[in-house]
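Enquirer: Got a structure for you, written out below as structure tokens; questions coming shortly.
Taken together, the values in this text are just the output of simple stated rules run on the coordinates, not laboratory data. Just so we're clear, the structure is a prediction, and the values are computed from it rather than from any experiment. All Cβ positions, even for glycine, are placed from backbone atoms using ideal geometry, and neighbour counts span all protein chains on display.
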Amino acid sequence: MVKSTGKLPDWMARRGRMSGAHPVKTLLRSHGLHTVCESARCPNQPECFGRKVATFMILGDTCTRGCRFCAVGKDTPLPVDPDEPRRVAGAAAALGLEYVVITSVTRDDLPDGGSSQFALTLRAFSMELPGVPVEVLTPDFQGDEVAMNVVLEAGPAVFNHNIETVPRLYPAVREGSDYRRSLEVLRRAAAADFPVKSGLMLGLGEKDEEVMEVMEDLFEAGCLLLTLGQYLQPSRECLPVDRFVTPDRFDFFGRLGYKIGFRYVASGPLIRSSYQALEGYRKISA
């Protein structure tokens, strides 16, 4: 562990830049779509866009919650766009994606939390790209079981909901969210026989022992896939980095995850929830 001094350690540096990102950005703009890659300022964006891979973000680009780790805009969102599902599926087809991840901003302003838009998007994919697996990375829908079922009944290949951090840090990091509620969301999806995935950011002030406890909680809730990555402060308004976790420590957590029983663990400084998600899906569907 290295305490943050405001400067990135050597192991966080990207070695060179991937070419080919501009066509993806142009395509997204032409379809009027958002990605979490851009909105959350993901450090892997040049690589993923260079490989013509993107994580689509539906329900606009404005979130109703105030999570202090996230760069996504926070304000009053626009009305839901009924044509968005068709455009997302069309963009994925144009990119030639063989695996798709769809996430969203949190929409506590909507009666169903936006679950119907997830379902419509999944159904648009079944028409436009039949046979292509679609992973959903959802908010907690405020624990509404009916809203969750709307998403599950549309048949995602993987159900993902990130736990993000340890319970002690929730009041400071995840305003409006609840650790136990998020675990229950994962537990319900697992009980419905869907492959379940979750992830944590390290470097927000958690202790290693707390991370281990969360990993145990996630496995007990039914998670099969786990991601752990380094938190990076995406804007001045977000929380500062408390520590940089070393690659060796990430390797330790990765080995521990397999020992606990997870089927797939991606653990490393630049790992993000949807980074190389196809590899995880292949692991559980083999």
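Enquirer: Pick from S104, S30, S177 the residue whose mean-square fluctuation is largest in a GNM of the chain, springs joining Cα atoms under 10 Å.
Expert: S30
Enquirer: Also, I was wondering about something else. Contact order normalised by length for segment 139-198, with contacts defined as Cα pairs under 8 Å and 6 or more residues apart; what percent is it? Walk me through the numbers before you get to the answer.
Expert: Working: 55 pairs, mean separation 27.7, N = 60.
About 46 percent, as a whole number.
Enquirer: Working out 0.36 nm times the residue gap between I260 and Q142, then minus their Cα-Cα distance, what length gain in nm do you get to one decimal?
Expert: 39.6 nm
Enquirer: Please report, in whole Å, how far the alpha carbons of segment 197-286 spread along each principal axis, starting with the longest.
Expert: Cα spread of segment 197-286 along its principal axes, largest to smallest: 42, 26, 24 Å.
Enquirer: OK, next. If the chain between R282 and F219 were fully stretched, how many nm would it gain, using 0.36 nm times the residue separation less the Cα-Cα distance? Write down the numbers at each step before the final one.
Expert: On the way: separation 63, 0.36 × 63 = 22.68 nm, distance 1.91 nm.
Length gained between R282 and F219: 20.8 nm.
Enquirer: Non-local amide H neighbours of S273 (under 5 Å, H modeled in plane, Pro and chain starts lacking H): which ones?
Expert: none
Enquirer: Given H placed 1.01 Å from N in the peptide plane, which residues other than close sequence neighbours of V101 have an amide H under 5 Å from its amide H?
Expert: F56, E135
Enquirer: With 22 Å as the cut-off, how large is the P(r) tail for the chain, expressed as percent of Cα-Cα pairs?
Expert: Values: 22686 of 40755 pairs.
Beyond 22 Å sits 56 percent of the P(r) for the chain.
Enquirer: Taking a quarter of the surface of the Cα convex hull of segment 68-192, what do you get in nm²?
Expert: Orientation-averaged projected area of the Cα hull: 8.0 nm².
Enquirer: Can you run phi through the Karplus equation (6.51, -1.76, 1.60; θ = phi - 60°) for segment 118-135 and list ³J(HN,Hα) in whole Hz, with x for Gly and Pro?
Expert: 4, 5, 5, 5, 4, 6, 5, 5, 5, 8, 7, 10, x, x, 7, x, 10, 8
Enquirer: Given springs between every Cα pair under 10 Å in a Gaussian network model of the chain, which of L226, L27, L183 has the largest fluctuation?
Expert: Comparing L226, L27, L183 in the GNM, the peak value goes to L27.
Enquirer: What is the gain in length, in nm to one decimal, between D242 and A172 on full extension, counting 0.36 nm per residue of separation less the C-alpha to C-alpha distance?
Expert: Between D242 and A172, full extension yields an extra 23.9 nm.
Enquirer: When each pair of different Cα atoms in segment 175-239 is counted once in the 1/r mean, what is the Kirkwood radius in angstroms, to one decimal?
Expert: 13.0
Enquirer: Is there a pair in K7/K207; K25/K259; K52/K74 whose C-alpha atoms are over 30 Å apart, and which pairs would that be? Could you put the intermediate results ahead of the total?
Expert: Numbers: K7/K207 21 Å; K25/K259 40 Å; K52/K74 28 Å.
In this structure, K25/K259 lie more than 30 Å apart at Cα.
Enquirer: Continuing with the same structure: Taking the simple approach of a point 7 Å from Cα along Cα-to-Cβ for both E210 and A94, what is their distance in nm?
Expert: 4.3
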